[in-house]
Every structure is written in structure tokens, then in C-alpha cells.
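One structure is given below, encoded as C-alpha cells.
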Amino acid sequence: MKSIREIYKTGKGPSSSHTMGPEKAAKIFRAEHPEADAFAVTLYGSLAKTGRGHGTDRVLIDTLAPTPAEIVFNMDETLPLPHPNTLEFSARREGRETGFMRVMSVGGGDIRIEGRPEAEPPEVYAERSFAEIAAKCKSQNIRISDYVEQNEGPEIWDFLLGVWGAMCASIQEGLTHSGTLPGGLNVERKAQYLINQRHIDERPETRENRIVCAYAFAVSEQNAAQGTVVTAPTCGACSTLPAVLKYMQEEKRLSDKQVLRALAVAGIIGNLVKTNASISGAECGCQAEIGTACSMASAALGELFEMGIDQIEYAAEVALEHHLGLTCDPIGGLVQIPCIERNAVAAMRAINAVRIANFLTATRKISFDMVVETMYQTGRDLNRIYRETAEGGLAKLYR
């Protein structure tokens with residue numbers, strides 16, 4: 001498996017696959033073709049169908065500037081695509097093509113360039129399943145967070161400290177804003193309202209839900225407004241993990257060091273899904289994004305509470321299992337409805353999954369690895385209109 005650094009990427013929203021990935025590809029292509037006096041970029045699949053809502057054309061034009069760029073949205077579904085998020089770059093000089101590059105934006109801000117395997121980041125972990133990781137940790141009597149340091153080196157903690165700082169900053173920044181999000185849906189920011197308004201029946205569990213949701217809304221609203229967020233594992237699912245960690249750190253008075261170890265465990269969970277299935281809504285629906293985020297958050301909480309490896313696995317499995325079949329149907333191709341609320345609901349579900357695991361781990365029948373495989377097969381079986389094309393579900397019926 002790759003480094004967990006590939007799971008946590010800090011950048012501008014609203015979409016890791018539709019903005020961060022294409023931006024990364026555009027920078028590479030622009031650097032390789034300084035001779036070009038014009039660029040053309042053709043978007044296919046989900047990039048074509050929801051690219052305008054996600055701002056794909058905007059980020060490509062900005063990144064390729066000052067050289068002019070023509071963006072073509074190719075809706076031809078008969079084209080055999082290597083990935084639902086495929087784009088092709090063409091460099092031109094005096095009307096003649098001088099360069100070409102086909103890119104797949106595979107989720108989480110990562111790209112694959114056709115014909116360039118050397119562009120792949122190096123393998124860091126020999127193990128490729130939770131079962132293998134658990135067996136190694138048990139044989140050495142170490143926690144999963146120790147396993148991460150063993151493979152990544154002690155410098156991983158400085159990296160995760162930067163990740164945590166960026167996550168906290170996105171929460172704080174999101175809580176300072178009110179008003180309407182851009183994009184035309186006139187969605188009101190709600191994080192500030194949630195953090196300031198006590199419920200008429202403010203019991204401890206009610207307050208927990210309110211604060212966790214406020215933090216989740218804050219980050220997702222930052223993402224929707226093209227603010228800076230951290231993929232966890234994607235921009236569209238970026239707020240579930242920081243919301244639960246921030247709340248628990250404050251509630252339990254936990255150190256940053258404890259939170260970083262939780263982030264390390266969450267990174268492993270995200271890595272396993274990305275390696276063995278997908279974290280791309282265009283490929284497997286929202287179960288791949290918010291389901292993975294919820295699973296990461298549950299595993300992170302398991303580490304915070306010093307639960308055993310089997311309990312952490314069960315928490316992660318429960319969280320992902322109960323997102324199976326979740327469709328990706330963003331209204332208008334915007335990462336707003338249902339994405340923002342969905343992150344908040346997943347954050348609360350992550351907490352509940354950990355509480356279930358605390359009692360019922362010994363009774364479990366399903367492994368985390370099995371659920372990951374099931375999610376991938378389910379995602380591939382989903383009708384394409386429910387895989388981030390904005391053609392089905394809420395995106396179709398909303399008026």
C-alpha cells in the first residue's frame with residue numbers, strides 16, 4: 001500500500017476528483033509544454049456531467065493561464081473510459097498539436113497518467129488487508145498507530161500534525177461565516193447557527209449531536225465555498241473525521257499526540273479502501289466517499305479510546321457496512337445537497353459504531369475486508385446515474 005500521506009491532502013474544495021486532481025494534472029502538462037500557445041482539455045464521464053457544478057473548467061483555465069485553454073465537455077457515454085473521471089490534454093502551437101496526455105482522476109486528489117507507471121507513488125506497506133495488518137500487530141504486540149510509525153518513520157507525526165492543524169483551521173474558519181454558499185442553490189450556511197443555538201432540551205447526548213454536526217457543517221461549508229480543507233478521504237467527505245476528533249479532543253481533554261495516533265489509524269482504513277476498492281463517488285457512488293469517511297472516523301475513535309484491534313476493526317466495519325449502496329446524486333453537480341448534511345450524519349453514525357463495537361465485537365460475523373470488497377462490487381453494480389453524474393436521485397427530482 002501507499003503512504004497514508006496519499007489519503008490526507010490539503011487543498012481547495014469543492015472536489016478532490018473534479019478540482020484537485022485536474023489541477024494537479026494541468027500543472028504537470030503545462031510544465032511539460034512551455035512552447036504551447038493554446039491548450040485544449042476534453043472532459044469525459046462524471047467530469048463532463050458534473051464538471052461545471054464542481055468548477056472543473058474554472059480550475060483548469062486558471063491553472064493553465066496565461067495560455068488560453070478550451071474546455072470541452074464530452075457527454076458521449078459510448079466512449080470506453082479507463083475511469084469515470086477521465087480527461088485529455090492537448091497542447092497546440094500555431095494550430096498544430098505538440099503534446100497529448102490522458103489522465104484519470106481516481107479520487108482523493110490522486111491522478112493516474114496513461115502510459116506513465118513511474119508517476120505512481122512508492123509502496124510503503126507490504127500488507128494489503130486489515131487481516132494481514134492485524135496479524136502483524138498482534139504478533140509484535142503493537143497498536144495500529146505503532147505499525148504506521150514503523151512503516152512511515154517518525155517523521156509521519158510532523159506530517160499528521162500539519163494535517164490536524166489544517167483540519168482545525170477549516171473548522172474554525174467555517175464557524176466564522178454565515179450567508180449563502182455559491183453555486184445557485186441558495187444553500188444557507190448552518191454551522192454558526194448550530195454552534196450558537198442551544199436545543200430546548202439540551203441533554204448531554206443532544207449537545208453532542210449539535211456540536212459534532214456544527215463542526216461537520218463548518219468544514220463541508222468551507223469545502224463548498226472553495227475554501228481550504230483536508231481530504232479524508234475526499235473533499236466531498238472531508239468533514240466527518242475532523243468533526244468527531246475535534247469534539248472528542250475537547251470533550252475528553254485529549255492531547256494532540258493522541259489525536260495524531262487516531263489520524264494514523266484512520267489513514268490506514270482509508271488506505272485499505274483506496275487500495276482494494278475505491279474512494280471515488282464517480283466509480284462506486286457515495287458509499288465509497290462518505291462510507292469510507294465514516295469508517296475512518298470510527299477507527300480513529302477506537303484508537304482514541306484505546307480499544308483493541310478487533311474492536312477497531314468491528315467499528316470500521318459497522319460504519320462502512322451501513323453505507324452500502326449509498327448513491328452519489330449531488331444536485332446541480334455541487335458538493336452541497338445532500339453532501340453537507342451527509343457528512344454530519346456520518347459523523348454521528350461513526351460515534352454510534354464505536355459504541356456498538358465496545359459491546360458486541362465478540363459476536364461479529366463480517367470482517368472489514370469483506371465489507372470493503374462488497375462495497376466495491378456494489379459500487380460497480382450501481383446504475384451509472386447514481387455514480388456522480390447528477391442524473392439520478394435527488395439531482396434528477398429536485399426542482
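Only one of ALA350, ALA390, ALA344 is at pLDDT 95 or above, among the hydrophobic types (A, V, I, L, M, F, W, C) and under 21 Å from SER15 (Cα atoms); which? Write out each step before concluding.
Details: ALA350 fails: under 21 Å from SER15 (Cα atoms); ALA390 fails: at pLDDT 95 or above.
When all the criteria are applied, what remains is ALA344.
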Which count do you get for residues in the range 154-183 that are of a type in the set (Gly, Ala, Ser), part of a loop (DSSP other than H, G, I, E, B) and either in contact with a strand residue (DSSP E or B) (Cβ under 8 Å, 6 or more places away or on another chain) or exposed (fewer than 13 other Cβ atoms within 10 Å of the Cβ) (or both)? 2
Applying the selection to the range 50-68, what residues are in contact with a Phe, Trp or Tyr (Cβ under 8 Å, 6 or more places away or on another chain) and touching a residue at least 40 places away in the same chain (Cβ under 8 Å)? GLY51, ARG52
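Quick check on the range 223-235. Is at least one of its residues in a helix (DSSP H, G or I), over 20 Å from PRO338 (Cα atoms) and open to solvent by less than 30 Å² (accessible area, probe 1.4 Å)?
At the first step, the residues of the range 223-235 found to be in a helix (DSSP H, G or I) are 223-224.
Now restrict to residues that are over 20 Å from PRO338 (Cα atoms): none.
Within the range 223-235 (the criterion being in a helix (DSSP H, G or I), over 20 Å from PRO338 (Cα atoms) and open to solvent by less than 30 Å² (accessible area, probe 1.4 Å)), the answer is no, since none of the residues qualifies.
Out of the residues in the range 293-306 that are among the aliphatic types (A, V, I, L, M) and open to solvent by less than 10 Å² (accessible area, probe 1.4 Å), state the one that is nearest to ARG253 (Cα to Cα).
Step one: of the range 293-306, the residues among the aliphatic types (A, V, I, L, M) are 293, 296-297, 299-301, 304.
So of that shortlist, the ones also open to solvent by less than 10 Å² (accessible area, probe 1.4 Å) come out as 293, 296-297, 299-301.
Working: ALA293: 23, MET296: 21, ALA297: 18, ALA299: 19, ALA300: 16, LEU301: 14 Å.
The qualifying residue nearest to ARG253 (Cα to Cα) is LEU301.
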Strands (runs of 3 or more DSSP E) completely within the range 12-117 that count 1 or more residues being of a type in the set (Lys, Arg): 86-93, 96-107, 110-113
Selection within the range 337-360 - outside any helix (DSSP H, G or I) and touching a residue at least 60 places away in the same chain (Cβ under 8 Å): ILE337
List pairs: first in the range 276-296 and closer than 13 Å to SER239 by Cα, second among the charged types (D, E, K, R) and open to solvent by 10 Å² or more (accessible area, probe 1.4 Å), Cβ under 6 Å, 6+ apart or cross-chain? ILE290/ARG342; CYS294/ARG349
Would the range 54-67 turn up any residue that is modelled with pLDDT of 95 or more, over 26 Å from the mean Cα position of the chain (by Cα), open to solvent by 80 Å² or more (accessible area, probe 1.4 Å) and not small (Gly, Ala, Ser)? yes
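The values are calculated or read from the model by the stated rules, or taken from the named source; none is laboratory data. Small disclaimer: the values here were computed from a predicted structure and weren't measured. So basically every Cβ, Gly included, is an ideal-geometry build from the backbone, and we count neighbours across all protein chains shown. Each accessible area value is taken on the protein alone, full model and side chains, heavy atoms only, with ligands, DNA and RNA left out. Shrake-Rupley method; radii C 1.70, N 1.55, O 1.52, S 1.80 Å.
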